[in-house]
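Heads up: the structure comes next, in C-alpha cells.
The values are calculated or read from the model by the stated rules, or taken from the named source; none is laboratory data. Keep in mind that this is a model prediction, so the values were computed, not measured. Virtual Cβ from ideal backbone geometry, glycine too; neighbours counted across all protein chains shown. Only protein heavy atoms, including side chains, enter the accessible area calculation; ligands, DNA and RNA are left aside. Shrake-Rupley method; radii C 1.70, N 1.55, O 1.52, S 1.80 Å.
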Amino acid sequence: MGNLICMTKKDTRDNNHGSKSKRMGRSQRKLLAEEEFLHRQALSMALQQHQLSQRFDGSMSRRIGSTSSRRRNLSDPFSNGKQAPDFLENIRLNKFVLVHGEGFGAWCWYKTIALLEEAGLVPIAIDLTGSGIDLADTNSVTTLAEYSKPLISYLENLPEDEQVILVGHSTGGACVSYALEHCPQKISKAIFLCATMVSDGQRPFDVFAEELGSTERFMQESQFLIHGNGKDKPPTGFMFEKQQMKGLYFNQSPTKDVALAMVSMRPIPLGPVMEKLSLSPEKYGTGRRFFIQTLDDHALSPDVQEKLVRDSPPERVFKIKGSDHCPFFSKPQSLHKILLEIARIP
C-alpha cells in the first residue's frame, strides 16, 4: 500500500492559506508590474509629444485633433456602432474646440477626440500656455490673457464666417468665458464641463473656495504653493500631491488614465485663477451657454455646480451620473452623447 497522509482541518486550513497567500502575492506582483508598465508607457508618450513639439517649434503644443479622414473600425472600444450620417443629420456646426482645466493638457481629451472623430466631427484640443507640451514656463504665466493666448489666437485665425462649439473643463471654463468676451462672433455655443462658469467680477479660484478655503488662507497656509521666483517672492503656481489629485479628480477614473495623468500633469499658474473676470452683457451675456454637471465630483461638488447654475443660468443643464471631475476619463460615452445632443440644438 502506498503511504497515506492524513491532514487535520487545521492542516488543511494552513495549507489553503499558504496557497492563497502565494496566489495573492503573485497577483499583487503582477498588478504592480502592470502599473509600472503603464507609468512607463505614459511617460514615454509624454516625452514623445515633448520631442515632437521641439521638432516643430512648439506648433504641436497649440492643438491636436483630427488630422486625417480615416474611419475608425466599428469593433473599436470607443465606437458606438453608428455611421456618420446618423450623427450629422441635424448638426450644423461640426468643429469642437476642447479646452483643458488646471494642470491638464490637450492629452486629456484623447477619448473624446476618438469618439467625435468616429461621429464624423472635427475635434481640436488646445494646450493653454504653460500646459501640456506648450514650452512656456508655468511660473511666467501671470494673467488670464497670457494663459488663454493659444485659444484666442486659434479663434482669431479662423475664417471670417466660421464658428465653433467651445468646451471648457474645470478652470478652463474661465478661458471659455474670456473667449466669449473677446471673440463672441467665433463661438456658436459654449459648454462648461464641471467648470468655473464665473460671473462678472468673480475669480475662478472663488469657485473652489469650499474645497481649498479662502484666498487668504490658501495663500498663507497652503503646502501646495510654488515660489518660482524665490521663497521671498509671491507664489507663482501650485501643484497638488499625487494622492490628493487622485482623491480630488480621479475617484471614478480607470487606473490607466490616472497613470497617464500622474506623469503628464503640470503645475497650475496661480495668476490666471486669481484674476477677476470682466464680462459684459453685450458680449459674454449674448453667448449661448450650456453646463454639464458631474455628480460624483470631489473637486467641484454637485452643490457648488448647482450654485454656479443658479447664479448665472445657462440655456440648458445636463448631468452625468457616477462621474468624477474628469468625465472624459470616467464617463467618456456619456459625455460624448451630451456633446452631440448640444450640437444638435438649433
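Are any of the residues in the range 253-274 assigned to a loop (DSSP other than H, G, I, E, B) and without any contact (Cβ under 8 Å) to a residue 40 or more places away in the chain? No: the range 253-274 contains no residue that is assigned to a loop (DSSP other than H, G, I, E, B) and without any contact (Cβ under 8 Å) to a residue 40 or more places away in the chain.
In the range 309-326, the qualifying residues are those that are over 23 Å from Met245 (Cα atoms) and of a type in the set (A, V, I, L, M, F, W, C), and the one that is most open to solvent (accessible area, probe 1.4 Å) is Val317. Taken over the range 275-303, the residue count meeting the criterion of being open to solvent by 20 Å² or more (accessible area, probe 1.4 Å) and either polar (S, T, N, Q) or closer than 20 Å to Cys326 by Cβ (or both) is 9.
Return yes or no: is Asp232 among the acidic types (Asp, Glu), surrounded by fewer than 16 Cβ atoms within 10 Å (Cβ to Cβ) and either without any contact (Cβ under 8 Å) to a residue 12 or more places away in the chain or part of a helix (DSSP H, G or I) (or both)? Let's see the steps before the verdict.
Working: among the acidic types (Asp, Glu): yes; surrounded by fewer than 16 Cβ atoms within 10 Å (Cβ to Cβ): yes; either without any contact (Cβ under 8 Å) to a residue 12 or more places away in the chain or part of a helix (DSSP H, G or I) (or both): yes.
Taking the combined requirement at face value, the residue satisfies it.
Within the range 300-329, residues that are without any contact (Cβ under 8 Å) to a residue 24 or more places away in the chain sit with their Cβ atoms under 7 Å from residues that are outside any strand (DSSP E or B) and open to solvent by less than 90 Å² (accessible area, probe 1.4 Å), at 6+ positions apart or across chains, in these pairs: Pro302/Leu295.
For every residue, the table says whether it meets (1) at positive phi; (2) more than 20 Å from the chain's Cα centre (by Cα).
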residue	(1), (2)
Ile152	no, no
Asn157	no, yes
Glu160	no, yes
Val176	no, no
Gln185	no, yes
Cys194	yes, no
Phe208	no, no
Thr236	no, yes
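Exactly one residue among Glu146, Glu89 is at pLDDT 95 or above, open to solvent by 40 Å² or more (accessible area, probe 1.4 Å) and at negative phi, and that residue is Glu146.
Residues checked against (1) over 28 Å from Glu146 (Cβ atoms); (2) assigned to a loop (DSSP other than H, G, I, E, B):
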{"position": "Lys276", "(1), (2)": "no, yes"}
{"position": "Leu308", "(1), (2)": "no, no"}
{"position": "Pro314", "(1), (2)": "no, yes"}
{"position": "Val317", "(1), (2)": "yes, no"}
{"position": "Gly322", "(1), (2)": "yes, yes"}
{"position": "Phe329", "(1), (2)": "no, no"}
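Here Ser170 fulfils each of the conditions (1) at negative phi; (2) in contact (Cβ under 8 Å) with a residue 40 or more places away in the chain apart from (1). Is it true that Ile345 is open to solvent by 10 Å² or more (accessible area, probe 1.4 Å) and β-branched (Val, Ile, Thr)? Considered against the rule, which asks whether it is open to solvent by 10 Å² or more (accessible area, probe 1.4 Å) and β-branched (Val, Ile, Thr), Ile345 comes out as yes.
Provide a single number: the residues in the range 247-256 that are over 19 Å from Pro332 (Cβ atoms) and surrounded by fewer than 17 Cβ atoms within 10 Å (Cβ to Cβ). Break it down into steps so the answer makes sense when it comes.
At the first step, the residues of the range 247-256 found to be over 19 Å from Pro332 (Cβ atoms) are 247-248.
Within this subset, residues satisfying the condition of being surrounded by fewer than 17 Cβ atoms within 10 Å (Cβ to Cβ) are 247.
Residues in the range 247-256 being over 19 Å from Pro332 (Cβ atoms) and surrounded by fewer than 17 Cβ atoms within 10 Å (Cβ to Cβ): 1 in total.
Leu158 meets each of the listed conditions (1) at pLDDT 95 or above; (2) aliphatic (A, V, I, L, M); (3) surrounded by 21 or more Cβ atoms within 10 Å (Cβ to Cβ) apart from (3).
Could you list, in sequence order, the residues of the range 257-274 that are open to solvent by 20 Å² or more (accessible area, probe 1.4 Å) and more than 15 Å from the chain's Cα centre (by Cα)? Those that are open to solvent by 20 Å² or more (accessible area, probe 1.4 Å) and more than 15 Å from the chain's Cα centre (by Cα): Gly271, Met274.
Of all the helices (runs of 4 or more DSSP H) wholly in the range 87-190, which have at least 3 residues that are touching a helix residue (DSSP H, G or I) at 6+ places or on another chain (Cβ under 8 Å) and within 19 Å of Tyr284 (Cβ to Cβ)?
Numbers: elements: 110-118, 144-156, 172-182.
Correct list: 144-156, 172-182.
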